[in-house]
Amino acid sequence: MAKNEISHKGVITAITPELTTVDIISTSACAECHAKGMCGISESKVKSISVPTDPYTERQVGDEVDVVLKKSMGLKAVWISYVIPLFILMILILSLSSVTVHEVYAGLGAIAGVALYYLIIYLFRDRLSKDFVFYIK
């Protein structure tokens, strides 16, 4: 795996001419700990990812594959989902508090601003999904 790629192991669950569905198991950082059975914190979830089907490869349902995304796309996702909303929240709280709006209303306004941001992201999800393309290695 190259340094500029993010890779996860997965299992193919469905194949169509357009998309191949791969299930990956997302585990928490402590999932590899030897005491995970005693601790209730470790968790793992199965996530399904749709990848464009490559017609020139022979893959079948049940095959174990590596699902890869460019590292720059992962960083872009972090900015879109975490950093920009944090900036919006902080700017709205500080600006609404400075114009002597009551603290409760400043907090609710900041939360509404972040909710509006996520609504806009949701509405543009099809356009964003074209940028974030996974592929099978």
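Simple spin-label model, 7 Å along Cα-to-Cβ: K3 to Y122 in nm?
So the two model labels end up 4.0 nm from each other.
Given Cβ point charges of +1 (Lys, Arg) and -1 (Asp, Glu) and nothing else, what value in debye, to the nearest 20, does the dipole of the chain about its Cα centre take?
Numbers: 13 positive and 13 negative charges, 59 e Å.
I would put it at about 280 debye.
With a cut-off of 8 Å between alpha carbons and a minimum separation of six or more residues, what is the relative contact order of segment 44-137 in percent?
Values: 47 pairs, mean separation 46.8, N = 94.
About 50 percent, as a whole number.
Mind running the shape call on segment 5-136? Use the C-alpha gyration tensor, a ≥ b ≥ c as the square roots of the eigenvalues: rounded below 1.5 for a/c, prolate if a/b tops b/c, oblate otherwise. Walk me through the numbers before you get to the answer.
Working: a/c = 3.27, a/b = 1.72, b/c = 1.90.
Because a/c hits 1.5 or more and a/b fails to exceed b/c, segment 5-136 counts as oblate.
Per DSSP helix of 4 or more residues, -39500 (n - 2.57); summed, then divided by the residues of the chain. What does that give at 222 nm, rounded to the nearest 500? Intermediate values should be presented prior to the final figure.
Numbers: 4 runs with 51 residues, N = 137.
The per-residue figure over the chain is -11500 deg cm²/dmol.
How charged is the neighbourhood of A77? Take every other residue with its Cβ under 11 Å from the Cβ of A77, and add Lys/Arg as +1 and Asp/Glu as -1.
+2
Search the structure for amide H atoms under 5 Å from the amide H of T53, placed 1.01 Å from N in the peptide plane, and list their residues when 5 or more places away or on another chain.
It is L19, T20, by chain and number.
If the reach is capped at under 21 angstrom between alpha carbons, list the lysines near K3, excluding any in the same chain fewer than eight residues apart.
Counting by Cα, and skipping residues close in sequence, K3 has these lysines nearby: K70, K71, K76, K137.
Between I49 and V104, what length comes free when the chain is fully extended (0.36 nm per residue of separation minus the Cα-Cα distance, one decimal in nm)?
Values: separation 55, 0.36 × 55 = 19.80 nm, distance 3.99 nm.
Extra length from I49 to V104 when fully extended: 15.8 nm.
Could you check the spin-label model distance between R59 and S81? Points 7 Å from the Cα along Cα→Cβ, value in nm.
2.1
Values in this text are rule-based calculations from the coordinates and carry no lab data. Predicted, not measured: the structure shown is a model, and the values here were computed from it. With ideal geometry, Cβ positions are generated from the backbone for all residues, glycine too; neighbour counts draw on all protein chains shown.
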